[in-house]
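Notes follow once the structure below has been shown.
The values are calculated or read from the model by the stated rules, or taken from the named source; none is laboratory data. Worth saying up front: this structure is predicted, and the values here are computed from it rather than measured. Here the Cβ positions follow ideal geometry from the backbone for every residue, glycine too, while neighbour counts run over all protein chains shown. For accessibility, only protein heavy atoms count, side chains too; no ligands or nucleic acids. Shrake-Rupley method; radii C 1.70, N 1.55, O 1.52, S 1.80 Å.
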2 protein chains.
Amino acid sequence: MELFYSKDIEGGICRLDHDESGHCIKVLRHRCGDEISVIDGCGTLYRCRIVSDSHKEVTAAVIDSVKDWGSHPYRLHMAVCPTKNNDRYEWFAEKACEMGFDELSPVIGEHSERRILKTARVEKILVSAAKQSLKAAVPAVNEPLFVKEFITSFADRQDTLKLIAYCFDDENVPRRSIKEVLKGWEGGEIAVMIGPEGDFSKVEADLALQSGFVPVHLGDSRLRTETAALTAVSAVYLHYME
Amino acid sequence: MELFYSKDIEGGICRLDHDESGHCIKVLRHRCGDEISVIDGCGTLYRCRIVSDSHKEVTAAVIDSVKDWGSHPYRLHMAVCPTKNNDRYEWFAEKACEMGFDELSPVIGEHSERRILKTARVEKILVSAAKQSLKAAVPAVNEPLFVKEFITSFADRQDTLKLIAYCFDDENVPRRSIKEVLKGWEGGEIAVMIGPEGDFSKVEADLALQSGFVPVHLGDSRLRTETAALTAVSAVYLHYME
């Protein structure tokens, strides 16, 4: 199924941006009168009929729409430290989107080697992953922020199961597996923090625990940052699977 | 932790091949008397002392060894059709190895576009993934074979939970989720078949069912071949997680 993406759908009129218009007219050779399917990135699929086939700006009239198209029964916010190698982060974003998640916060930890991330590239990847996996919602990507800022911003969130996965052992703080902790959760809101190659600092972990985050482990395997992050997404995806 | 890989460990003597020797002597500058850790790819970790530090062939004397180092409590054989794009297949192999699996069979289906796979590249990736995730066992990679050959070779395997994940709907054959099917399994041997971009053919699916394969789905998301394969590995990994 061929999908287009537009942030400009209003009053029954849908406009495609320059790239999407070029793809629609030059590559797929659509013309006035053709029907196209457009996702708004917010969860709704629109069936539209092209009324202006300019390869710079396609305009289409909305025929009908489907809400929550390709949605999942939970809301997952992943806070993942950027990996040394950008491809690995982008790979994680693509795969997590295929399975289903909702928001990505690149978080910078005390032990983070990489302290920047180009969110624009990740956003592009998420749009194509959403199209490819037939979802009308594209996960939101936030600007990078510090681990401590992220924790603080979630301190008062009582409606959310807040998880932090770290590797170092602390006999005072026993960790259960993410699978066990998810079992006890009836709600739909989940946030998971995944640390950098150098793990979270003890200070960051303590602050998270004080702020109501539950410490979890991801099993016995030693996983790379991006693999750990995707394992957490699969754990959530599988938890809600019937 | 720095690990070397050797298939040549016998009578208390471990030899590193040309590449590993160069890395050990030229890059890491080890010399006679140094202690190194070596995995044999079959599950055992050896602590050794270098007795000859030639950068072409390092020889080391085994001090002691640990069996089943970094092992997992199941045996998982993944039969996955090659993806159009090789990187995606290699990516799957790396991530699956990090989580834990044991054998990879590239299978060629009736709908497979890509009908070849260079197993040597995948083997290299698996060796470094095993080192990176601290496992002494490196998953075996078989030569590509046809889907029907793979199914036939498993027809008499009663000790194995045999799963086939396909996408097309067949109201005569209700599918349960991989999670549900795993719940009912007490054994440790599991085999999972993942089809190509064009899915398995009806003929292949029927043959699998006749041969005792259980049809499963991987949830509501439409997943790429490599994502579907990794989701199956995570489902098994999480099933055995305590």
Filtered hits (lysines, Cα-Cα < 18 Å from A:K148, offset >= 8 within chain) -> A:K162, A:K202
Could you tell me the accessible area of A:T225 in Å² (1.4 Å probe, neighbours in place), rounded to the nearest ten? 10 Å²
In 10 Å bins starting at 0, how do the alpha-carbon pair distances of chain A split up by percent? 8, 30, 30, 18, 11, 3, 0
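Indicate the gyration tensor shape class of the range B:107-217 (rounded, prolate or oblate), computed on the Cα atoms with a ≥ b ≥ c the square roots of the eigenvalues: a/c under 1.5 is rounded; otherwise a/b larger than b/c is prolate and the rest oblate. Before the final figure, lay out each step's value.
Working: a/c = 1.97, a/b = 1.34, b/c = 1.47.
Verdict is oblate for the range B:107-217.
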Of A:K84/B:K118; B:K95/B:K135; A:K95/A:K118; A:K84/A:K135, those spanning more than 20 Å from alpha-carbon to alpha-carbon: A:K84/B:K118; A:K84/A:K135
Report, for B:E10, each distance to the same residue's label point in the other copies, shortest first and in nm; define the point 7 Å along Cα→Cβ. 7.7
Could you pull out which residues in the range B:68-90 have an amide N less than 15 Å from a spot 7 Å beyond the Cα of B:A140, following the Cα-Cβ vector? B:75-79
Note: B:144-152 gets an average of partner chain Cβ contacts (10 Å, Cβ to Cβ) equal to 0
Please list log₁₀ I(q)/I(0) at q = 0.07, 0.11 Å⁻¹ for the protein assembly as shown, using the Debye equation with identical point scatterers on the alpha-carbon positions. -0.42, -1.01
Given the DSSP H assignment, sum -39500 (n - 2.57) over each helix run of at least 4 residues in the protein assembly as shown and divide by its residue total; what's the result at 222 nm in deg cm²/dmol, nearest 500? -8500 deg cm²/dmol
Considering the Cα trace of the range A:4-66, what is its radius of gyration and what is Dmax, both in angstroms? 10.2, 28
Could you sort the peptides B:62-73, B:122-133 by per-residue average Cβ neighbour count (10 Å cutoff), highest mean leading? B:122-133, B:62-73
Which of B:I50, B:I178, B:I164 ends up with the largest GNM mean-square fluctuation for chain B, with Cα atoms connected below 10 Å? B:I50
Probe 1.4 Å, all protein chains present, accessible-area order of B:Y74, A:Y46, largest first: A:Y46, B:Y74
So, in nm, how far is label B:R176 from label B:D17 when the simple model puts each one 7 Å beyond its Cα toward the Cβ? 4.3 nm
Within the range A:169-222, GluC sites (Glu not before Pro) in DSSP loop having at most 11 other beta-carbon neighbours inside 10 Å: A:E171, A:E186
Between 0 and 90 degrees, rounded to the nearest ten: what's the tilt of helix A:119-132 against the longest Cα principal axis of chain A? 70 degrees
Peptide-level mean, for A:127-135, of C-beta atoms on other protein chains within 10 Å: 2
Hits among aspartates and glutamates - C-alpha to C-alpha of A:K131 under 13 Å, sequence gap 8 or more where chains match: A:E2, A:E20, A:D40, A:E94, A:E98, A:E123
Nearest 0.05, what FRET efficiency do A:E242 and B:E113 give at R0 = 22 Å with Cβ-Cβ as r? 0.10
